[in-house]
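Structure, as structure tokens:
The values are calculated or read from the model by the stated rules, or taken from the named source; none is laboratory data. Since we're looking at a predicted model, the values are computed, not measured. Please note: Cβ atoms are built from the backbone with ideal geometry, for glycine as well, and neighbour counts cover all protein chains shown. Areas reflect the complete protein model, heavy atoms only, side chains present, ligands, DNA and RNA absent. Shrake-Rupley method; radii C 1.70, N 1.55, O 1.52, S 1.80 Å.
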Amino acid sequence: MEHKVCKHYKKCGGCQLDMPYPQQLSYKQKIVGRLLGKYCTIEPIIGMYYPYHYRNKVQAAFGFDMRRKQIISGVYQSSSHKIVPVDSCMIEDKKADEIIVSIRKLVRDFKFLPRHILVKRGFSTNEIMVVVVTESPIFPAKHNFVKALLKLHPEITTIIHNINPYETSLVLGERENVLYGKGYIEDRLMGCMFRISARSFYQINPTQTEKLYGTALEYAGLDGSETFFDAYCGTGTIGILAAKNGAKQVIGVELNRDAVKDAIANAKRNQIGNIRFTCADATQFILDMADAKQSVDVIMMDPPRAGSTEQFLDAVAKLAPPRVVYVSCNPETLARDLGYVTKKGYRVMKIQPVDMFPHTAHIECVVQLDREKSAG
Ligand code: SAH
């Protein structure tokens, strides 16, 4: 495979691995081996056939370049608020990049400056969401702007105005108004349809997500009799697939309210009845489950980069399901958490790295843990 060199590489910071793709894969394999190799042999990392333009969610920061007297869009230079102008990116969806450039040209005519533009595209449905983030709730040009944008890009299926008065690292604020369409998009994964809102988490690389979820479900080893607990469930994707593919009943927990709403709608959309979702902190929820002596056969956990908590893992040991599957987007916190649960009666059986984020240093892993027979 040819190695594409990106001209923004040094300034942008979005990618960290400026090396040919096969070398990136062996680099990641080595890191996982170093961090987790003491538990078991690491399966060979699942790479991408074409590791470009895989990101289905693209965001651009907007600003005004005083020197050139023009509006610019791109990425924040690492840990600063200086914008590096970027019009096209090797890992982002091309259509999303095109829409952002069109918007930059449009806002000049409509005399407003968004803070950010966020575009999400359902790769299998082609539905496209555009979120215009502004500092102020007042957006007088909105109707004409929407009209003009749809004229340029009739393929956009929904447009949302999000208000973010704060200059923080968070792109989206709490308030949003739907300007056009249904306010969310849908995407199909492994035979199920999933609804994605502006603020809920959805895996950003759908091709690899199928491989990730496929591995996670294979490791869960469902046979139709299990109570399956999907912790940090996001929009319910893994739990819904588990309910459809063998779990007897599924319990999902997730902290983000919008994601829970999506999860409930997703279960309905896919006619899954044996599933329920709760909006709560996963640790608090599992502690309550342990207190109630709830019986659980499989725990699927997919925490954010910070990993899980000791309290959560204590409760896992107390619930004592025969199997735990840990999906992790950070091998360092994974190593920490595995170090903890392996002292609590669990054994690491398999570790499968999946390259969800080519060209970046991020590493995703799926781990199968079984309860030791001697642990009772
Ligand atoms: N399994 C899902 C989501 C994984 S991302 C998927 O594959 O799409 C991790 C999720 O954990 C996010 O949706 C985030 O909102 C949620 N989360 C973060 N902290 C949490 C907590 N303390 N309790 C429950 N969920 C949390």
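Of all positions in the stretch 30-50, at least one carries a residue that is surrounded by 14 or more Cβ atoms within 10 Å (Cβ to Cβ), assigned to a helix (DSSP H, G or I) and of a type in the set (Val, Ile, Thr). Residue count for the stretch 227-270 satisfying the condition of being in contact (Cβ under 8 Å) with a residue 40 or more places away in the chain and open to solvent by 20 Å² or more (accessible area, probe 1.4 Å): 8. Looking at 133, 146, which one is among the hydrophobic types (A, V, I, L, M, F, W, C) and over 24 Å from the mean Cα position of the chain (by Cα)? Being among the hydrophobic types (A, V, I, L, M, F, W, C) and over 24 Å from the mean Cα position of the chain (by Cα) holds for just one of 133, 146, which is 146.
Go through the stretch 9-46 residue by residue and tally those that are closer than 19 Å to residue 92 by Cβ and either under 21 Å from the mean Cα position of the chain (by Cα) or not aromatic (Phe, Trp, Tyr) (or both). Number of matching residues: 10. Would you confirm, using the coordinates I've provided, whether residue 176 is over 12 Å from residue 127 (Cβ atoms), away from the ligand (no atom under 15 Å from the Cβ) and open to solvent by 20 Å² or more (accessible area, probe 1.4 Å)? Yes; evaluated as a whole, the condition is true for this residue.
Working only within the stretch 366-376, note down all residues that are outside any strand (DSSP E or B) and not small (Gly, Ala, Ser). Within the stretch 366-376, 372, 373 qualify. Confirm whether residue 316 is touching a residue at least 40 places away in the same chain (Cβ under 8 Å), on the phi < 0 side of the Ramachandran plot and not assigned by TED's automatic domain parsing to the domain that holds residue 92. Considered against the rule, which asks whether it is touching a residue at least 40 places away in the same chain (Cβ under 8 Å), on the phi < 0 side of the Ramachandran plot and not assigned by TED's automatic domain parsing to the domain that holds residue 92, residue 316 comes out as no. If I go through the stretch 246-272 residue by residue, how many of them are more than 23 Å from residue 304 (Cβ to Cβ) and at pLDDT 95 or above? The number of residues fulfilling the criteria is 8. Step by step: first the residues of the stretch 185-201, then only those that are more than 10 Å from the ligand (Cβ to nearest atom) and out of contact with any Asp or Glu (no Cβ under 8 Å at 6 or more places or on another chain), then the one that is nearest to residue 236 (Cα to Cα). Which residue is that? Per the criteria, the residue is 192.
Pairs meeting the criteria (first residue in the stretch 5-34 and in the same structural domain as residue 331 (by TED's automatic domain parsing) and closer than 18 Å to residue 352 by Cβ, second residue open to solvent by less than 30 Å² (accessible area, probe 1.4 Å) and part of a helix (DSSP H, G or I), beta carbons under 8 Å, at least 6 apart or on different chains) are 31/331; 32/331. Inclusion of residue 219 among residues that are assigned by TED's automatic domain parsing to the domain that holds residue 259, under 30 Å from residue 60 (Cα atoms) and in a helix (DSSP H, G or I) is not warranted.
Across the stretch 94-133, what is the total count of residues that are open to solvent by less than 10 Å² (accessible area, probe 1.4 Å) and not in a helix (DSSP H, G or I)? Going through the stretch 94-133 one residue at a time, the tally reaches 11.
Filtering the stretch 291-306 to residues that are within 27 Å of residue 331 (Cβ to Cβ) and either more than 15 Å from the ligand (Cβ to nearest atom) or open to solvent by less than 50 Å² (accessible area, probe 1.4 Å) (or both) leaves 296, 297, 298, 299, 300, 301, 302, 303. Restricting 332, 310 to residues that are open to solvent by 50 Å² or more (accessible area, probe 1.4 Å), out of contact with any strand residue (DSSP E or B) (no Cβ under 8 Å at 6 or more places or on another chain) and under 22 Å from residue 252 (Cα atoms) narrows the list to 310.
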